[in-house]
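The values are calculated or read from the model by the stated rules, or taken from the named source; none is laboratory data. Given the structure is predicted, the values throughout are model-derived calculations rather than measurements. Note: ideal-geometry Cβ built from the backbone for every residue, glycine included; neighbour counts use all protein chains shown.
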Amino acid sequence: MKSKKIVSLVLVAALVGSALVGFAAPRQKGMKISITLMAGPKRPNSWFQAELGKKLNAKFDFIMLPGWEEKNMKTNLLMQDKDKRPDVLWFNGMAKEYRQWVEAGLLVDVVPLLKKTKNKNMLKKFTPEILFASYENGKIYKIPTDIGGKGCCMSTFVRKDWLDKLGLKPPTTLEEFIDVARAFTKNDPDGNGKDDTYGFGGQNSGSVDWRFFSPVFYAFGYDPDQFGMYNGTVKIGATVPETRKALEVLRDMYKEGLIEPTVFTGNDIGQMVAKGRIGMFYSWQSFYEPDDTSYKALKANVPDAELLPLDPIKGPQGLSGDYPEPLGSWCYIVVTNHNKNLQGVVNVLDEMMTPEIKMLNEYGEHGKHYVMENGKPKRTIAEEEKNSLGLGSLGWICFGDLPVTRDAKLVKLEEDRARTANQMRMEERIIHFNLSVRENCPTWLKYVTEISDLKNEVFVGIITGQKQISEYDRFIEAYYNKFEGKQIEKEVTELYKKEKALFEEFKRFYDKELKVK
């Protein structure tokens, strides 16, 4: 009898032990998983790689992808070699190659595998909007990863200390925005007696990004680089009549010297903010974080300096907005057919998407590499050691929420900007397609490079005074004649209708197959 009790206890212990592992399907101890990485310091055989293996009971082979120029070639070589093909592949773009991988049977449908994970960390995070771009005929081959879920990552900022010094209020309308820009340019807001400040500036990392002019363009309704609904037809924002009016405003601001000129030639906006060169700008919300490098540098130069986020600037017709992030992701991971234990691979990925692993990836080991102060992690190691440890290697892959106390001001900013960005999305003034425009709109694909080049040439020329505003009308003429603009609009409008119908189909699939009850 005693021996039977002992055997029973051993069986119970074994069952409990297996449950504590946290995986729904069995996998061999220390299973090997190869995964390509693009982010982080790219240190093979690092402390983080070994520690991650201990946490997830796996032996990881980190395959470091090279720089942005070479990563696609490396990815293709890996996928073509059945022996070197990774179990998990990170990629972005590569739509043509992705389609080839699917058709060749190199990728695995993860729907049944996700459903069998115990904790369903990924499914709990995925909304229908996030997953829709991955869905095709009841299958999902690519898993979106860099998903913040904020709705918007950008905001307009103003130097509040400059407002206070000049006795100005935060601008709310386009007219007030221009008045503040003029005062910041002409009234020496930094008090150094030099004519060295500009009212408004933006980022140029090698090419013009019209998002950084959003306070003016969005005041007239549309983004020059994005599709939007206009009188029942989907158009590229550069072609709607209101954009011409926005260009006239920017032209007049530039002529008066209110716009920092390197926005058209190349600059580092972080440096301009840190050195107090511009008084207003539209950029990443991270500038508002106390630990942001540029903000800290600005405070070091001017202790009383303060950045204040602004609500979107309202135009003549009351229009305004912020840039809405695409609801899916710009990058993905796929599970290939390389590993024999596919469920085990997905189980490991699912347990990777947790607050614990997110903290390990970002900060390392508590008490050794960081401490918690007021609910926030504080590094106790230098940047060089952080890199040598391999911290950050799962960037753009691991999306677990950090278990930290977040700054209330930052949370409010995210919520406010998400609201104003989603308003643009709801009003269809910016449409982000989940289905590929390149694959579904051949006319756009045929001319997109020429359209973009001509648009940038004409827009920059008009704003900087090198071209007359009449050049905009010639751009419109070229768009509709040379570049078959009407056919483009026909194709993208049909695609939008098709996408809306498919999304309704996917929501039904999501509710039935993927929604965590």
Discussion item. Take the conditions in a helix (DSSP H, G or I) and hydroxyl-bearing (S, T, Y) and apply them to T156. Does it pass?
Written reply: no
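Could you run through segment 178-194 and say how many residues are touching a Pro at 6+ places or on another chain (Cβ under 9 Å) and under 10 Å from I278 (Cα atoms)?
Of the residues in segment 178-194, the ones touching a Pro at 6+ places or on another chain (Cβ under 9 Å) are 178-181, 183.
With the extra rule that they be under 10 Å from I278 (Cα atoms), the set shrinks to 181.
Number of matching residues: 1.
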Worksheet item: If you take the residues in segment 184-217 that are closer than 21 Å to P316 by Cα and small (G, A, S), which one is farthest from the chain's Cα centre (by Cα)?
Response: G199
Worksheet item: Which pairs have Cβ atoms under 6 Å, sit 6 or more apart or on different chains, and link a residue in segment 415-443 that is touching a residue at least 12 places away in the same chain (Cβ under 8 Å) and more than 23 Å from P309 (Cβ to Cβ) to one that is among the aromatic types (F, W, Y) and crowded, with 17+ Cβ neighbours inside 10 Å?
Response: I431/F227; N434/F132; V437/W444
Worksheet item: Are any residues in segment 387-412 surrounded by 19 or more Cβ atoms within 10 Å (Cβ to Cβ), modelled with pLDDT of 95 or more and either in a helix (DSSP H, G or I) or in contact with a helix residue (DSSP H, G or I) (Cβ under 6 Å, 6 or more places away or on another chain) (or both), and if so, which ones?
Response: L389, G390, L391, S393, L394
Practice prompt. Would you mind finding the one in L163, L168 that is over 28 Å from the mean Cα position of the chain (by Cα), outside the structural domain of M94 (by TED's automatic domain parsing), part of a loop (DSSP other than H, G, I, E, B) and hydrophobic (A, V, I, L, M, F, W, C)?
Written response: L168
Worksheet item: Which one is farthest from the chain's Cα centre (by Cα), of the residues in segment 436-472 that are charged (D, E, K, R) and outside any loop (DSSP other than H, G, I, E, B)?
Response: E471
Worksheet entry | Matching entry among E383, E351 (being at negative phi, in the same structural domain as Y98 (by TED's automatic domain parsing) and surrounded by fewer than 16 Cβ atoms within 10 Å (Cβ to Cβ)) | E383
Practice prompt. Have a look at F509, F503, F475 and point out the one that is part of a helix (DSSP H, G or I) and in contact with a Gly (Cβ under 8 Å, 6 or more places away or on another chain).
Written response: F509
Item to complete: Just name the residue that is modelled with the highest pLDDT out of those in segment 99-130 that are acidic (D, E) and within 28 Å of E325 (Cα to Cα).
Response: D109
Fill in: Search result, residues across segment 246-282 that are among the charged types (D, E, K, R) and crowded, with 20+ Cβ neighbours inside 10 Å
R251, E260
Discussion item. Can you list residue pairs whose Cβ atoms sit under 8 Å apart, with the first residue in segment 276-287 being at positive phi and the second being in a strand (DSSP E or B) and surrounded by 20 or more Cβ atoms within 10 Å (Cβ to Cβ)? Count only pairs 6 or more apart in sequence or on different chains.
Written reply: G276/R159
Worksheet item: K235 passes all but one of (1) crowded, with 19+ Cβ neighbours inside 10 Å; (2) among the basic types (K, R); (3) part of a helix (DSSP H, G or I); which number fails?
Response: (3)
